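Worksheet: one structure, shown below.
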Amino acid sequence: MSGPVLAQEVAYENAECLQIEARRGRESRVGSIDIVRVLPTKGRRTVGPWCFVDLMLPQDAEHPDPMEVGPHPHIGLATVTWLFSGEAQHSDSLGTVQLIRPGELNLMSSGRGIAHAELGMGRNLRGAQMWVAQPESTRHRESGFEHHRELPTLDLGSGEATVILGELAGVTSPARTDWGTVGCELRLRPVPTVIPVHPEHEHAVVPIDEPVLVGREVVEPGWLGLIPGRVESIPIDVRAPGARVMLIGGEPLGERIQMWWNFVARSKDEITDAWQAWESGDEDRFGPVPSKLQRIDAPAPPWIRD
């Protein structure tokens with residue numbers, strides 16, 4: 001018996017052509033939380049406009065350390081906070097105090113300067129802290145904050161995508177974007193899945209709790225699977241029902257960014273100016289944060305000599 005070839009079958013036949021690059025993340029510690037940093041990675045600073053992805057690792061069940069990150073500054077980026085479990089409180093120099101729960105998006109756009117603090121609430125805190133580099137058109141402008149309790153979903157047939165930022169297959173997040181961007185949480189069943197993507201964008205997958213097969217490459221949790229540009233679909237297979245995978249990507253920025261500490265810029269001079277403003281207590285650029293946590297001092301940039 002024969003019939004038409006399904007698009008999904010074609011995608012899997014072409015999976016051999018996908019040259020996936022699997023990059024292992026680096027374990028580290030931010031404040032009191034253990035994390036694995038999957039972006040930036042060696043030889044790759046950005047995926048679309050995404051320039052930073054930290055995954056919070058599971059905590060000691062009996063003696064969890066609270067997440068306490070005191071007031072600190074940002075320039076030239078938007079922070080994307082996405083929780084898988086637990087709760088956290090965000091506060092910033094706009095006067096925002098916001099509780100975030102799993103399935104809700106915190107989006108803070110720094111522009112020329114903002115400061116914020118983060119406090120974990122209770123046990124079992126896990127999530128992703130990600131940055132999107134702002135383009136020239138918005139990175140010098142005023143800062144902003146958004147909280148979205150409800151986000152659209154896309155039925156993938158063998159799973160579901162929550163569209164956090166940007167657009168996937170015609171489903172668009174209400175959150176602000178300054179550049180062509182996509183960011184999704186995929187929850188998949190152990191059935192081959194094909195994710196339709198923008199062919200002019202570059203993409204990466206970040207498994208959260210289970211290994212995933214991307215094309216013919218296994219990508220482990222705590223790793224980043226880089227996908228070449230100019231593909232129209234990404235074949236993914238998982239072994240466990242409900243496996244979570246982050247999909248990030250977007251239009252290439254087309255310019256090299258300069259990252260140091262909590263700053264995203266285009267030159268060392270811009271970073272030096274921001275560092276000096278924070279250290280001098282310039283409240284015009286980095287206002288006070290409504291938080292009882294201790295303010296974090298900025299280390300001197302390595303190019304600054306005493």
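The values are calculated or read from the model by the stated rules, or taken from the named source; none is laboratory data. Keep in mind that what you see is a predicted model, and the values were worked out from it rather than measured. Cβ: placed from backbone, ideal geometry, glycine included. Neighbour counts: every protein chain shown.
Scanning the range 287-306 for residues that are closer than 23 Å to residue 120 by Cα and either outside any loop (DSSP other than H, G, I, E, B) or among the hydrophobic types (A, V, I, L, M, F, W, C) (or both) yields 289, 293, 296, 298. Residue check: is residue 175 assigned to a loop (DSSP other than H, G, I, E, B) and closer than 19 Å to residue 264 by Cβ? Criteria met by residue 175. Taken over the range 236-268, the criterion of being of a type in the set (Gly, Ala, Ser) and crowded, with 16+ Cβ neighbours inside 10 Å is satisfied by 243, 249, 250, 265. Annotation note: Cβ proximity below 7 Å between a residue of the range 184-206 that is modelled with pLDDT under 95 and a residue that is aromatic (Phe, Trp, Tyr) (sequence gap 6+ or interchain) occurs for 192/12. Filtered by the rule that a residue be buried (at least 20 other Cβ atoms within 10 Å of the Cβ) and among the hydroxyl-bearing types (Ser, Thr, Tyr), the range 24-55 gives a lone residue, 46. Restricted to strands (runs of 3 or more DSSP E) entirely inside the range 30-115, those with at least 1 residues that are under 27 Å from residue 227 (Cα atoms) are 33-39, 50-56, 77-92, 105-109.
Of all residues in the range 118-137, one or more are farther than 28 Å from residue 67 by Cα and more than 19 Å from the chain's Cα centre (by Cα).
Tell me, please, whether a residue that is of a type in the set (Gly, Ala, Ser) and modelled with pLDDT under 95 can be found in the range 264-282.
Of all residues in the range 264-282, those of a type in the set (Gly, Ala, Ser) come to 265, 267, 274, 277, 280-281.
Filter again for modelled with pLDDT under 95, leaving none.
Scanning the range 264-282 turns up no residue that is of a type in the set (Gly, Ala, Ser) and modelled with pLDDT under 95.
Among the residues of the range 223-237, are any closer than 30 Å to residue 296 by Cα and within 19 Å of the chain's Cα centre (by Cα)? Break it down stepwise before answering.
Let us first name the residues in the range 223-237 that are closer than 30 Å to residue 296 by Cα, namely 223-224.
With within 19 Å of the chain's Cα centre (by Cα) added as a condition, the list becomes 223-224.
Scanning the range 223-237, I find at least one residue that is closer than 30 Å to residue 296 by Cα and within 19 Å of the chain's Cα centre (by Cα), so the answer is yes.
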